[in-house]
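Nothing in this text is a laboratory measurement; each read-out follows from the coordinates by a stated rule. Just so it is clear, the model here is predicted, and its values are computed rather than measured. Note: ideal-geometry Cβ built from the backbone for every residue, glycine included; neighbour counts use all protein chains shown.
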Amino acid sequence: MQRLQDRVAVITGAGSGIGLATARRFAEEGARVVCVDIDEDAGKKAAEEVGGIFVKADVTSDEDVARMYRTAFDTYGSVDIAFNNAGISPPDDDSILETGIDAWRRVQEVNLTSVYLCCKHVIPYMQRQGKGSIINTASFVAVMGSATSQISYTASKGGVLAMSRELGVQFAREGIRVNALCPGPVNTPLLRELFAKDPERAQRRLVHIPVGRFAEATEIAAAVAFLASDDASFITGSEFLVDGGISGAYVTPF
Ligand SMILES: NC(=O)c1ccc[n+]([C@@H]2O[C@H](COP(=O)([O-])OP(=O)(O)OC[C@H]3O[C@@H](n4cnc5c(N)ncnc54)[C@H](O)[C@@H]3O)[C@@H](O)[C@H]2O)c1
């Protein structure tokens, strides 16, 4: 499929995980991909692989975010798709009773303020074009509570979800779609390592997922490519769950 032929896509956190899988998928579908990451090695590698360009940026920096879209526009002549995906989930973000103010603030900066900055800087390009698709990575924890808390992470993703909805509504008549992607747990190296050490911990989570497994990053990337494309032309302001049924489940199959 070439649904994204010649569209210019900027992906934050393109060096790893969901961002990397999406960079590959976008390129397969014909897009020109601008890979943004704070990790120079990983970001460069991703850009080389997909035949795009790399921009080193910290998504918490106003100047860096402005520069990454400017670079995309100056190089390719438009900014059609923004996948605002970079995020962190550090171990010092835990129960509200344990999480200190510095850990709280850091997660808010990287996961939520970054999305504010990305949307603020990319929307003017899309307004001038009269067209654009923004996909902000939230999480299923934006719509469900967890007893294994990461309190700042959860609050940040709730913020991403509410902000995306509002922007989707505000800019709908200017041809700009804004959706919040809410992935369920994804099979990442970190998750695999954690659960290899502690199978009980993995099982405690898996039992809640109707399909009985975690997502692969490629399955999340497929949803992002759909939202980015004109196939999703009537989808905006949505809470786009790609979660194996977790948020709809009461009793799951054996
Ligand atoms: N993995 C999951 O199970 C899961 C589930 C739901 C939502 N998410 C969300 O999906 C997104 C991607 O997660 P992932 O699992 O692919 O993570 P990952 O750690 O594999 O990749 C994140 C990338 O973001 C980059 N990054 C981190 N801070 C940055 C900054 N300040 N500026 C620029 N780049 C920065 C990292 O260098 C890394 O390459 C995150 O927003 C995460 O919260 C992940």
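Using only alpha carbon pairs under 8 Å that are at least six residues apart, calculate the relative contact order of segment 133-254 and give it in whole percent.
Reported as a whole number, the value is 36 percent.
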Extension gain, Ala196 back to Asp62 (0.36 nm per residue minus Cα-Cα distance, nm): 44.3 nm
Hydrodynamic radius (Kirkwood) for segment 103-195, which is based on Cα pairs only, to one decimal in Å: 14.3 Å
Pairs beyond 30 Å (Cα-Cα), from Lys120/Lys197; Lys131/Lys157; Lys44/Lys197: Lys120/Lys197; Lys44/Lys197
Dipole in debye (nearest 20) - segment 89-161, about Cα centre, beta carbon charges: Lys, Arg +1; Asp, Glu -1: 600 debye
Sequence-distant lysines (8 or more away, or on other chains) whose Cα lies within less than 24 Å of Lys45: Lys56
Per principal axis, descending, Cα span of segment 1-152 in whole Å: 49, 29, 28
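Just add up the charged neighbours of Pro90: K/R +1, D/E -1, any other residue whose Cβ is under 14 Å from the Cβ of Pro90.
Values: positive: Arg105, Arg106; negative: Asp92, Asp93, Asp94, Glu98, Asp102, Glu109.
Computed value for this residue: -4.
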Cα point-scatterer Debye curve for segment 195-254, base-10 log of I(q)/I(0) at q = 0.21, 0.23 Å⁻¹: -0.89, -0.97
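Roughly how big is segment 1-90's charge dipole about its Cα centre, with Cβ charges of +1 (Lys, Arg) and -1 (Asp, Glu), in debye to the nearest 20?
Working: 10 positive and 15 negative charges, 59 e Å.
Taking the Cα centre of segment 1-90 as origin, the dipole is about 280 debye.
Given the DSSP H assignment, sum -39500 (n - 2.57) over each helix run of at least 4 residues in the chain and divide by its residue total; what's the result at 222 nm in deg cm²/dmol, nearest 500? Write down the numbers at each step before the final one.
Working: 9 runs with 111 residues, N = 254.
Using -39500 (n - 2.57) per qualifying helix, the result is -13500 deg cm²/dmol.
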Percent RCO, i.e. relative contact order, over the chain, from Cα pairs under 8 Å lying at least 6 residues apart: 19 percent
Pair-distance profile P(r), taking every C-alpha pair of the chain, with 10 angstrom steps and integer %: 8, 32, 38, 19, 4, 0
